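Okay, structure first, notes after.
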Amino acid sequence: MTQPHELEALAVDIAREAGELARVRRTQGVAIAATKSAIADIVTEADREVEALIRARLRAERPGDGFLGEESGAERGTTDLTWVVDPIDGTVNYAYGIPAYAVSIAVVTGEPDPESWRAVAAAVFSPAAGELFQAAVDGGATLNGDRLAVNAEPTAAGALLATGFGYDPSTHAGDLARVARVMPLARDLRRIGAASLDFAYVACGRLDGYFERGLQPWDHAAGALLVTEAGGRVGGVGSGGGRPGRAMSVAAGPGLFDALLAAAIGD
Ligand code: LIP
């Protein structure tokens with residue numbers, strides 16, 4: 001069986017190559033290819049090209065593994081592993097020229113279902129910042145080689161938090177009500193625009209916590225492993241704190257997690 005650190009190394013290698021392609025395409029100008037679930041939910045030509053590169057590399061190097069990608073869909077494999085890929089997380093930032101976008105690659109075992117899978121390795125690469133976050137299960141998380149640790153507790157000033165808002169306007173009233181519930185915990189709130197970076201920033205202590213409704217599997221697969229390998233907690237709706245998912249995703253250090261989850265889901 002392939003070791004987690006070998007899968008991590010492959011995720012890192014592909015994320016670097018994919019991120020470099022995204023960065024170069026950005027300098028050449030971005031073309032919106034289509035809208036998806038809502039008019040604000042866009043895909044660029046670069047999203048498609050970068051996902052095709054990632055998929056081709058994985059097909060060449062891990063032909064039996066499954067694939068679940070934001071732009072090109074799912075394919076079951078013959079091994080127990082599935083690669084969960086967001087080629088450009090933060091597409092709207094990317095399209096507007098805001099440098100907060102990232103390639104997010106995770107490899108998971110078990111059914112390709114975020115309610116039950118177990119993440120094995122992850123890479124989140126932010127090409128504009130030159131920052132590579134990576135993790136392997138039970139192997140820790142790093143940023144450009146430096147070991148990561150979440151903030152155990154927010155400071156007395158309150159928690160620096162981040163959130164996001166889905167593309168469907170009908171969900172915005174609920175999202176804003178959630179922000180109102182969470183704000184008593186916060187010193188301030190960020191909306192960075194790339195879920196994988198929100199998780200990565202919790203993992204490295206740039207944020208105390210993050211919460212968002214409506215995430216897709218490829219938005220949280222890699223980032224959640226970064227947080228848990230950095231000593232943090234992730235969860236959502238369901239028994240025992242649940243798992244990150246569409247209904248809710250929360251990530252935080254151990255001293256904040258329960259209060260943030262309760263506020264986010266309205267307990
Ligand atoms: C996006 C996120 C963003 C979130 C959006 C969306 P995309 O991913 O990372 O932060 O709020 O709902 O999922 O579409 O840029 O890959």
Volume per residue that the Cα convex hull of the range 141-256 spans, once the total is divided by residue count, Å³: 97 Å³
The chain: relative contact order in percent, alpha carbon pairs under 8 Å with at least 6 residues between: 17 percent
Radius of gyration and Dmax over the Cα atoms of the range 10-69, both given in Å: 13.0, 36
Estimated inter-spin distance, Ser116 and Arg57, nm [label 7 Å along Cα→Cβ]: 3.1 nm
The chain: translational diffusion in µm²/s, Stokes-Einstein, Kirkwood Rh over Cα pairs, 25 °C, 0.890 mPa s: 135 µm²/s
The range 61-72 - phi-based ³J(HN,Hα) in whole Hz, Karplus 6.51/-1.76/1.60, Gly and Pro as x: 9, 9, x, x, 7, x, 9, 9, x, 4, 9, 10
Where N is the number of residues in the range 136-184, Cα Rg divided by 2.2 N^0.38 Å: 1.68
Residue-span extension gain [Ala262 to Arg16] - 0.36 nm each, minus C-alpha spacing: 84.9 nm
Largest-first principal axis extents, alpha carbons of the range 1-113, Å: 43, 27, 20
Rg to Rh quotient for the range 81-184, alpha carbon positions, Kirkwood Rh: 1.01
Accessible solvent surface per residue of the range 1-147, calculated while the other protein chains remain in place, 1.4 angstrom probe, Å²: 44 Å²
Protein accessible area in the range 209-267, 1.4 Å probe - carbon and sulfur %: 49 percent
Accessible area of the range 83-196 belonging to carbon and sulfur atoms, whole % at 1.4 Å probe: 53 percent
Relative contact order %, the range 22-151, counting alpha carbon pairs below 8 Å whose residues are six or more apart: 15 percent
Listed peptides 240-249, 197-206 by packing density, highest first (mean Cβ within 10 Å): 197-206, 240-249
Mean ellipticity per residue at 222 nm, deg cm²/dmol - from DSSP H runs of n ≥ 4 across the chain, formula -39500 (n - 2.57): -10500 deg cm²/dmol
Projected area, mean over directions - the range 190-267, Cα convex hull, nm²: 4.5 nm²
Residue with peak Gaussian network fluctuation, the chain [Cα springs, cutoff 10 Å], from Gly158, Gly232, Gly145: Gly145
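The values are calculated or read from the model by the stated rules, or taken from the named source; none is laboratory data. Just so we're clear, the structure is a prediction, and the values are computed from it rather than from any experiment. FYI the Cβ positions are ideal-geometry reconstructions off the backbone, even for glycines, and counts take in every protein chain you see. Ligands, DNA and RNA are stripped out before the accessible areas are found, and what is left, the full protein with its side chains, is counted by its heavy atoms. Shrake-Rupley method; radii C 1.70, N 1.55, O 1.52, S 1.80 Å.
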